[in-house]
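Participant: Before I ask anything, here is the structure I am working with.
Each value in this text was obtained by applying a stated rule to the coordinates, not by laboratory testing. What you are looking at is a predicted structure, and each value in this text was computed from that prediction instead of being measured. Cβ: placed from backbone, ideal geometry, glycine included. Neighbour counts: every protein chain shown.
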Amino acid sequence: MSSKKTTEEPPQTRQSNGFSRRTFIQGVGVGTGTAGALLTTEAEAAPAGGVVGPGPVPMTLKINGKSRSLEAEPRVTLLDALRNRLDMTGAKKVCDRATCGACTVIVDGQPVYSCTMLAIEAQGREIRTIESMSPNDPVPRNFVKHDAQQCGFCTPGFVMACQSFLENNPNPSQADVEAGLSGNICRCGTYVGLRMAALDAAKEVKGARRG
């Protein structure tokens, strides 16, 4: 997951269809996080003809296979709901601007910046966080093996982004990994270890499937 100071990626880091994870998240994060969130809020949370908020409203989120109930204002993001309402602090609140990827979770099989999605919008979706991962799973284990972390703030987001990437790209090249993980930033610069971890995890998963 290489540095991303501009929104335009070099041609060589784009996926073969010209569509990278950062481009995907920018489109979905902005579109879904604003107009889409309002539509979902009205459709799923409000009674017919009713008004949602501004005070707390009841919500139910399916997180790591379990339903979790909470009350929060409609403006509360999924990240803040996880950390402040449900005491699930694995996803980190770093930039809070959909730039660094430290808050990445998996929603319906896709990596999502949880700081860009409203909690109320996430109702009815399958949410996975870093708490669902075991240290013995291929991705976390290879992160340790290749020393793919230093300060650790970016690590949970990278692990979840890598997990989602490998689920959707089981046989990636190094260029695929660079493009697929480009939505996350490591301020310590451990990109070599991160890429090696992703490639070795892919080999393990592929070998397990054959076995």
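Participant: Exposure proxy check: Val76, Val139, Val105 ranked by fewest other beta carbons within 10 Å?
Facilitator: Details: Val76 20, Val139 25, Val105 30.
By the 10 Å Cβ count, ascending: Val76, Val139, Val105.
Participant: Write down the Kirkwood hydrodynamic radius of the range 70-211, to one decimal in angstroms, obtained as one divided by the mean of 1/r over all alpha carbon pairs. Mind dumping the intermediate values first?
Facilitator: Working: mean 1/r = 0.0655 Å⁻¹.
Mean inverse Cα-Cα distance, inverted, gives 15.3 Å.
Participant: Now, a different point. Structure shown: which of Lys92/Lys145; Lys62/Lys145; Lys66/Lys93; Lys62/Lys206 lie over 25 Å apart, alpha-carbon to alpha-carbon?
Facilitator: Working: Lys92/Lys145 22 Å; Lys62/Lys145 32 Å; Lys66/Lys93 23 Å; Lys62/Lys206 28 Å.
Listed pairs above 25 Å: Lys62/Lys145; Lys62/Lys206.
Participant: Separate question: For Glu126, list long-range residues whose amide hydrogen, built 1.01 Å from N in the peptide plane, is under 5 Å from its own amide hydrogen.
Facilitator: When sequence neighbours closer than 5 places are left aside, the close amide H contacts are Asp108.
Participant: Which far-off residues, 5 or more places away or on another chain, put their amide H under 5 Å from the one on Arg68, with H placed in the peptide plane?
Facilitator: Answer set, sorted by chain and number: Leu61, Lys62, Ile63.
Participant: Now a separate question. What list do you get for Thr155, Thr104 if you sort them by fewest beta carbons within 10 Å?
Facilitator: On the way: Thr155 23, Thr104 33.
With the fewest neighbours first, Thr155, Thr104 line up as Thr155, Thr104.
Participant: For the range 133-210, what ratio Rg/Rh do Cα atoms give with a Kirkwood hydrodynamic radius? Walk me through the intermediate numbers first.
Facilitator: On the way: Rg = 11.2 Å, Rh = 12.2 Å.
With Rg and the Kirkwood Rh in hand, the quotient comes to 0.92.
Participant: Expressed in nm to one decimal, what extension gain is obtained for the pair Glu71 and Val51 from 0.36 nm per residue of sequence separation less their Cα-Cα distance? Let's see the in-between values first.
Facilitator: Numbers: separation 20, 0.36 × 20 = 7.20 nm, distance 1.58 nm.
5.6 nm is the gain from fully extending Glu71 to Val51.
Participant: Continuing with the same structure: Which cross-chain or sequence-distant (5 or more) residues have an amide H under 5 Å from the amide H of Cys115, H modelled 1.01 Å from N in plane?
Facilitator: Amide H neighbours of Cys115: Leu79.
Participant: Right, another one. When the Karplus curve 6.51 cos²θ - 1.76 cosθ + 1.60 is applied with θ = phi - 60°, which whole-Hz ³J(HN,Hα) does each residue of the range 57-73 get, with x for Gly and Pro?
Facilitator: Per-residue couplings from phi come out as 10, x, 9, 10, 10, 9, 10, 6, x, 10, 7, 10, 9, 7, 10, 7, 5 Hz.
Participant: I'm a student and want to see the number: the projected area of the Cα convex hull of the range 93-156, averaged over all directions, in nm².
Facilitator: On the way: hull surface 19.2 nm².
Reported value for the Cα convex hull: 4.8 nm².
Participant: Continuing with the same structure: Could you work out how far the C-alpha centroid of the range 78-140 sits from that of the range 156-185, in angstrom?
Facilitator: About 16 Å separates the Cα centre of the range 78-140 from the one of the range 156-185.
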